[in-house]
Amino acid sequence: MKQSLRAKRLARHHKRLGGASKLNLVSLMDIFTILVFFLIVNQSEVRVLQNSEKLNLPVSIAEQLPSENIVVSVFDHRVLVQERAIWQKDATNNEQALSAADLEALMAALKTELAYQASKRPELTELEQENGRAVTILGDANIEYQILKQIMTVCAEANYRNMSLAVEQIAANKAASAVSSNIGEG
């Protein structure tokens with residue numbers, strides 16, 4: 001039986017398109033390349049300090065981004081340097097305030113740890129020679145300022161004079177409304 005021209009054309013069409021479809025990897029690779037560059041560029045825009053859920057930072061409208069440096073986290077009953085516990089309050093002492101012995105032990109442990117951190121990188125850049133090594137202090141909002149002041153003194157004695165206090169950033173319009181409501185209450 002003789003096929004019609006239409007049947008021949010349909011057979012050729014099915015034969016040509018009936019093979020396995022091919023995936024065009026060039027376009028896919030272009031998309032992934034653009035995605036990788038996008039993620040790399042945008043990742044450097046945001047700096048997030050490792051913040052524990054137990055640490056309640058004070059609130060501020062600071063606009064300066066934190067830089068990479070030594071991080072000292074001060075909690076109610078322990079102190080961490082670079083996420084490593086260097087001091088913890090004695091469990092037998094249930095008082096909220098730190099005793100003089102606890103404070104002395106804390107300052108000695110902090111001084112020792114900062115000296116160790118400085119020995120890991122003994123060469124200083126020109127900026128560090130002028131301003132001292134950089135340290136960021138994450139202090140819980142409930143920590144007494146006197147304790148933070150003594151911690152800053154120990155940092156300065158260990159040549160960590162470029163200090164930053166970490167805070168939680170709030171929007172400027174929220175800060176303005178909080179200040180105006182505080183003024184109205186006084």
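The values are calculated or read from the model by the stated rules, or taken from the named source; none is laboratory data. Every value quoted in this text rests on a predicted model; they were computed, and no experiment measured them. As a convention, Cβ positions derive from the backbone with ideal geometry for all residues, glycine included, and neighbour counts pool all protein chains shown.
Do we have Glu157 as farther than 26 Å from Asp76 by Cβ and among the acidic types (Asp, Glu) here? So Glu157 fails the test.
Looking only at region 120-140, count every residue that is in a loop (DSSP other than H, G, I, E, B) and in contact with a strand residue (DSSP E or B) (Cβ under 9 Å, 6 or more places away or on another chain) and tell me the total.
Start the filter on region 120-140 by keeping residues that are in a loop (DSSP other than H, G, I, E, B), which leaves 121-125, 132-133, 140.
From the residues that got through so far, the ones that are in contact with a strand residue (DSSP E or B) (Cβ under 9 Å, 6 or more places away or on another chain) too are 132-133, 140.
Looking only at that region, the number is 3.
The set of residues in region 149-186 being at pLDDT 90 or above and part of a helix (DSSP H, G or I) consists of Lys149, Gln150, Ile151, Met152, Thr153, Val154, Cys155, Ala156, Glu157.
For region 141-158, which residues satisfy the criterion of being touching a strand residue (DSSP E or B) at 6+ places or on another chain (Cβ under 6 Å) and either loosely packed, with under 11 Cβ neighbours inside 10 Å or under 19 Å from Val59 (Cα atoms) (or both)? Of everything in region 141-158, those that are touching a strand residue (DSSP E or B) at 6+ places or on another chain (Cβ under 6 Å) and either loosely packed, with under 11 Cβ neighbours inside 10 Å or under 19 Å from Val59 (Cα atoms) (or both) turn out to be Ile143, Leu148.
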